[in-house]
Amino acid sequence: RGMAAVVSDETVFALYGERTVRALEKAGYRVYAFTFPAGEESKNLSTYASALHFLGEHRFSRSDVVVALGGGVVGDLAGFVAASFMRGVDFYNIPTTILSQVDSSIGGKVAINLRHVKNIIGAFWQPKKVLIDPDVLETLPPRQIANGLAEAIKMACTSDAELFAFLESHPLYENIDTVIEGSLRIKKSIVEQDETESGLRKLLNFGHTIGHGIESTGGLFHGECVALGMLPMCSDAVRTRLIPVLEKAGLPTQTHRDREAVWRAMQHDK
């Protein structure tokens with residue numbers, strides 16, 4: 001085997017980096033680790049350029065691989081690095097948050113932000129494999145768990161009445177395996193029908209345009225903003241069922257933001 005670049009943020013790498021490196025070495029790879037400060041602020045041109053320089057300095061070739069170890073920020077950034085280095089190298093994703101496990105780890109959307117505009121620079125680049133282990137979620141604080149559940153609720157609400165009814169009637173975290181699997185089945189089915197978002201896949205943007213506008217004003221996680229962004233786009237009947245599920249997950253259902261600032265940010269949403 002050739003070389004593997006483990007791309008991770010500093011927080012996740014401290015928890016799982018050593019084990020991941022050892023496993024890759026055992027599989028025959030020569031492993032190099034590229035880490036960066038945790039947080040959405042790192043998903044930018046500067047970190048992206050540093051990662052590309054890192055691959056170049058270690059003389060990675062098209063036969064080598066990039067391994068994303070972390071949440072959505074890591075997966076998006078590492079995936080875009082893999083998509084663009086030498087016009088594309090293989091990319092493996094090991095998502096470590098609920099948000100990335102139920103949503104962003106599959107589907108091939110990879111991107112970075114440009115200033116305050118989310119995911120405006122990117123590509124479609126499918127991972128070769130995705131490895132999901134719910135046990136890694138035990139290190140997450142409750143707010144991060146809620147953050148990820150927002151995307152699962154979104155997918156059930158748009159695409160699977162049976163799963164949505166399950167979310168209404170069962171504890172969420174105690175049934176996290178069912179939630180993850182159900183969400184991934186929805187995402188997989190939609191992406192297989194519309195990989196590049198020319199039609200059906202747009203359904204998965206439910207709550208996101210308003211959500212991204214709210215997110216640009218700061219202080220809230222992505223899933224929290226998606227939860228808020230779904231509510232104005234619902235019929236009264238849907239909203240009546242959706243609010244209790246969001247509240248059960250620990251997600252906000254109202255916010256006080258500068259409407260003009262949110263509206264301005266929405267104009268730039270992809």
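Return yes or no: is L131 in contact (Cβ under 8 Å) with a residue 24 or more places away in the chain and open to solvent by 40 Å² or more (accessible area, probe 1.4 Å)?
So L131 passes the test.
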Need pairs with beta-carbon distance below 9 Å; first residue more than 16 Å from F34 (Cα to Cα) and part of a helix (DSSP H, G or I) and within segment 73-92, second of a type in the set (S, T, Y) and open to solvent by 10 Å² or more (accessible area, probe 1.4 Å); sequence gap 6+ or separate chains.
S84/Y48; M86/S61
Taking segment 1-30 and keeping only residues that are under 24 Å from F85 (Cα atoms), open to solvent by 80 Å² or more (accessible area, probe 1.4 Å) and of a type in the set (D, E), one is left with E10, E25
Looking only at segment 137-156, decide whether some residue is at pLDDT below 95 and of a type in the set (D, E).
yes
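Filter segment 31-52 for residues that are surrounded by 13 or more Cβ atoms within 10 Å (Cβ to Cβ), among the hydrophobic types (A, V, I, L, M, F, W, C) and assigned to a helix (DSSP H, G or I) and give the result.
A51, L52
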Which condition does K43 not pass, out of (1) under 29 Å from D194 (Cβ atoms); (2) of a type outside the set (V, I, T); (3) touching a His at 6+ places or on another chain (Cβ under 9 Å), if it passes all the others?
(3)
Single residue of segment 103-128 satisfying the filter (out of contact with any helix residue (DSSP H, G or I) (no Cβ under 8 Å at 6 or more places or on another chain) and part of a loop (DSSP other than H, G, I, E, B)) that is most open to solvent (accessible area, probe 1.4 Å):
R115
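Condition first: open to solvent by less than 70 Å² (accessible area, probe 1.4 Å), more than 27 Å from P141 (Cβ to Cβ) and of a type in the set (V, I, T). Can you find one or more residues in segment 208-218 that meet it?
yes
Table: residues versus (1) among the acidic types (D, E); (2) over 13 Å from the mean Cα position of the chain (by Cα).
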residue	(1), (2)
V89	no, yes
I94	no, no
V110	no, no
F124	no, yes
V130	no, no
D160	yes, yes
E168	yes, yes
Y173	no, yes
Looking at segment 176-231 only, could you name the residues that are part of a loop (DSSP other than H, G, I, E, B) and under 30 Å from D258 (Cα atoms)?
F206, G207, S216, T217, G218, G219, L220, F221
Could you count how many residues in segment 1-48 are more than 15 Å from V66 (Cα to Cα) and among the small types (G, A, S)?
5
For segment 232-254, what are the residues that are open to solvent by 70 Å² or more (accessible area, probe 1.4 Å) and outside any helix (DSSP H, G or I)?
Q254
Could we say that E138 is farther than 22 Å from V6 by Cβ and outside any strand (DSSP E or B) here?
no
Just a yes or no: is a residue in segment 255-267 farther than 20 Å from A152 by Cβ, out of contact with any Phe, Trp or Tyr (no Cβ under 6 Å at 6 or more places or on another chain), open to solvent by 40 Å² or more (accessible area, probe 1.4 Å) and among the hydroxyl-bearing types (S, T, Y)?
yes
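The values are calculated or read from the model by the stated rules, or taken from the named source; none is laboratory data. Bear in mind the structure is a predicted one, so any value in this text is a computation, not a measurement. Cβ atoms come from the backbone with ideal geometry, glycine included; neighbour counts cover every protein chain shown. Ligands, DNA and RNA are excluded from the accessible area calculation, which covers all protein heavy atoms including side chains. Shrake-Rupley method; radii C 1.70, N 1.55, O 1.52, S 1.80 Å.
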